[in-house]
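Here the structure comes first, spelled out in structure tokens, and everything after it is commentary.
The values are calculated or read from the model by the stated rules, or taken from the named source; none is laboratory data. Source: prediction; values computed, not measured. Note that we place each Cβ from the backbone using ideal geometry, even for glycine, and neighbour counts take in every protein chain shown. Calculation scope for accessible area: heavy atoms of the full protein, side chains included, ligands and nucleic acids excluded. Shrake-Rupley method; radii C 1.70, N 1.55, O 1.52, S 1.80 Å.
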Amino acid sequence: MSENISKKAFLEIDGKRIELPVLTASDGSQSVDVSKLYDSHGITTFDPSLNSTSICQSAITYIDGDKGTLCYRGIPIEQFDRPRPNFIEVSYLLIFGTLPTRQELTDFRNRLTSHELLHEGLRRQFGDVPPKSPPMAILSAMFSQLACYHEKFLPLGDEELFVEAATRLISKARTIAAYAYRRSQGLPFTYPDPALLYCANFLHLMFSIPYQQYIIGEEIESAMNLVLILHADHEQNCSTTAVRTVGSAKANLFAACAAGVSALWGPLHGGANVEVMKMLEKIYSGGMTAEDCIAAAKDKTNPFKLFGFGHRVYKNYDPRAKILQAAAERVFAQLRTNDPLLDIARKLEELTLKDSYFIDRKLYPNVDFYSGILLRAIGIPTNMFTVIFALGRLPGWIAQWKELHDSPSQKIMRPRQIYTGGIQKNYVPIEKRG
Ligand code: SDX
């Protein structure tokens, strides 16, 4: 990364005046570089949720939280919401930094197709997995296991080995995800169809039944591409930070992305899309009203959160939520159906837009609020929603892992702490402990 030091900042402590460099981002925002503060002065900064801390310089994804804009390699995500959205093209853009030429896209696609099968040893393991296993547990475990079957692609520092590992991971993740679903349904494992493009092949792997014709509607295939595109990267979110942290120890790509899956599973992060559906279904079934939901979310004595609302960075409408809502309405119109949960979601959003609790805290719908409704329209079951989020986020994790390793200044991440325990205590033999 270029050293974009333009200004200085000063820290005064114990009569000392410490000068610190200031780094300036592409949008003009500033960051005080404290990376040498501890070694030079024995002082640390304290920021437990890293809310005010930049952990890297990155050129992959840009978010303007106040304006509610999101760009992949500088391109606003609205521009990917086109008649035939293409998740693999966006994956290439995020990982390699430029939109692929026709030939580059064909070559990338062919690599993915050549890696769509799982090693039979890995496929057989699905038979031993309890049918009701959480699919995110399967995804994380199987990502790690790819290292057992593709050991020669683990070494770092070789571009060709990286591309082989990355394309194996993206392609096999789709097969693993579909097999986790089929295991839960007691369905036979279908094999990937090399004639199908990425999302169509995923839908085939998920839903086709042997010896029965399975037709994939163009609107459903496009919706699947769009959902994955909208989840593809989101700068330094919790799961990406997990991938970077694990990657900083020079752990292999499969292990780092397995860590990303585990972080994404959390209900405050990628797991929120499942919680949103549970919330909407509870309102639909009469278990509670939309007004009850709003009241519970505002009640500080109640741990209930309005899932799908609020965001650490967006203090405006999450642009992905807007696109997902419009896409859900488009798919319903094309399929001539509707989903009562969409009306409930709109009602909840309407109530928040008039409520000072949400307005004052700038809590707007985030990516998870409408994604589940679109996924349901595609036919994806609720317990697979976070898995779909992970499939979408995978090229982003891979791009961030690559950028980390391409950065000459990157070192192993090892934060400090503020120690608050006792010092110089003595061991007490058990006979003297009472
Ligand atoms: C994702 O980081 C990313 O980029 C993530 C992501 C990505 O693409 O990778 O965008 C994907 O994870 C989206 C977020 C999905 N999670 C949810 O929808 C869960 C519900 N949302 C909240 O848990 C919360 O909004 C977070 C976790 C998303 C953000 O939390 P912050 O930034 O730590 O904010 P906070 O919890 O400190 O909230 C500030 C105030 C608090 O009230 P006060 O103490 O000021 O009175 O807002 C309140 C919070 O109680 N608040 C909510 C709320 N979200 C925040 N109150 C009710 N319901 C909510 N959803």
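Structure values in brief
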{"quantity": "Estimated inter-spin distance, His41 and Ser26, nm [label 7 Å along Cα→Cβ]", "calculated": "3.2 nm"}
{"quantity": "Pairwise FRET efficiency - Arg414 versus Leu351, Cβ, R0 = 56 Å, nearest 0.05", "calculated": "0.80"}
{"quantity": "From phi via Karplus (6.51, -1.76, 1.60), per-residue ³J(HN,Hα) for region 102-119 in Hz, x at Gly/Pro", "calculated": "4, 5, 4, 5, 4, 4, 5, 4, 4, 5, 4, 4, 5, 10, 6, 7, 8, 4"}
{"quantity": "Dipole magnitude of region 269-319, debye to nearest 20 (Cβ charges: Lys/Arg +1, Asp/Glu -1, about Cα centre)", "calculated": "220 debye"}
{"quantity": "Candidate aspartates and glutamates - alpha carbon under 19 Å from Lys250, same-chain residues fewer than 8 apart omitted", "calculated": "Glu151, Asp158, Glu159, Glu160, Glu164, Glu403, Asp406"}
{"quantity": "Solvent-accessible area per residue, Å², over the chain with all protein chains present [probe radius 1.4 Å]", "calculated": "50 Å²"}
{"quantity": "FRET efficiency for Ser54 and Phe304, using Cβ-Cβ distance with R0 set to 45 Å, rounded to 0.05", "calculated": "0.90"}
{"quantity": "Mean separation of Cα contacts under 8 Å (6+ apart) over length of region 56-213, as relative contact order %", "calculated": "19 percent"}
{"quantity": "Helix-only [θ]222 nm of the chain, DSSP H runs n ≥ 4, -39500 (n - 2.57) each, per residue, nearest 500", "calculated": "-15500 deg cm²/dmol"}
{"quantity": "Contour excess over end-to-end distance, with Cα ends at Asn316 and Lys132 and 0.36 nm allotted per residue", "calculated": "62.5 nm"}
{"quantity": "Computed label-point distance, nm, for sites Ala141 and Ile75 using a 7 Å Cα→Cβ extension", "calculated": "3.8 nm"}
{"quantity": "Gain on full stretching of the segment that runs from Asp292 to Phe189 - 0.36 nm per residue minus C-alpha separation", "calculated": "32.8 nm"}
{"quantity": "Leu20 accessible area, 1.4 Å probe, all protein chains in place, Å² to nearest 10", "calculated": "20 Å²"}
{"quantity": "Percent accessible area from carbon and sulfur atoms, region 17-148, protein chains only, probe 1.4 Å", "calculated": "51 percent"}
{"quantity": "Carbon/sulfur fraction of accessible area - region 297-352, other protein chains in place, 1.4 Å, %", "calculated": "53 percent"}
{"quantity": "Table column - 3J(HN,Hα) (Hz), region 70-85, Karplus curve with 6.51, -1.76, 1.60, x for Gly and Pro", "calculated": "9, 10, 9, 6, x, 9, x, 5, 4, 6, 8, 8, 10, x, 10, x"}
{"quantity": "Carbon/sulfur fraction of accessible area - region 158-253, other protein chains in place, 1.4 Å, %", "calculated": "55 percent"}
{"quantity": "Distant-in-sequence amide H partners of Arg73 (H built 1.01 Å from N, under 5 Å)", "calculated": "Thr61, Tyr62"}
{"quantity": "Rel. contact order, % - alpha carbon contacts under 8 angstrom, at least six apart, the chain", "calculated": "19 percent"}
{"quantity": "Choice from Tyr38, Tyr92, Tyr284 showing the highest fluctuation, given a GNM over the chain with Cα pairs closer than 10 Å", "calculated": "Tyr38"}
{"quantity": "Inter-part distance where region 79-94 and region 226-268 are each reduced to a Cα centre, Å", "calculated": "20 Å"}
{"quantity": "Label-to-label distance, nm, for residues given as Lys250 and Asp406 (7 Å Cα→Cβ offset)", "calculated": "2.0 nm"}
{"quantity": "Mean projection area, nm², convex hull over Cα of the chain", "calculated": "27.9 nm²"}
{"quantity": "For peptides 185-195, 103-113, sequence by mean Cβ density within 10 Å, most packed first", "calculated": "103-113, 185-195"}
{"quantity": "Förster radius 56 Å - calculated FRET efficiency between Ile18 and Arg111, Cβ distance, rounded to 0.05", "calculated": "0.65"}
{"quantity": "Pairs beyond 24 Å (Cα-Cα), from Lys132/Lys305; Lys315/Lys354; Lys300/Lys362; Lys36/Lys411; Lys132/Lys172; Lys300/Lys354", "calculated": "Lys132/Lys305"}
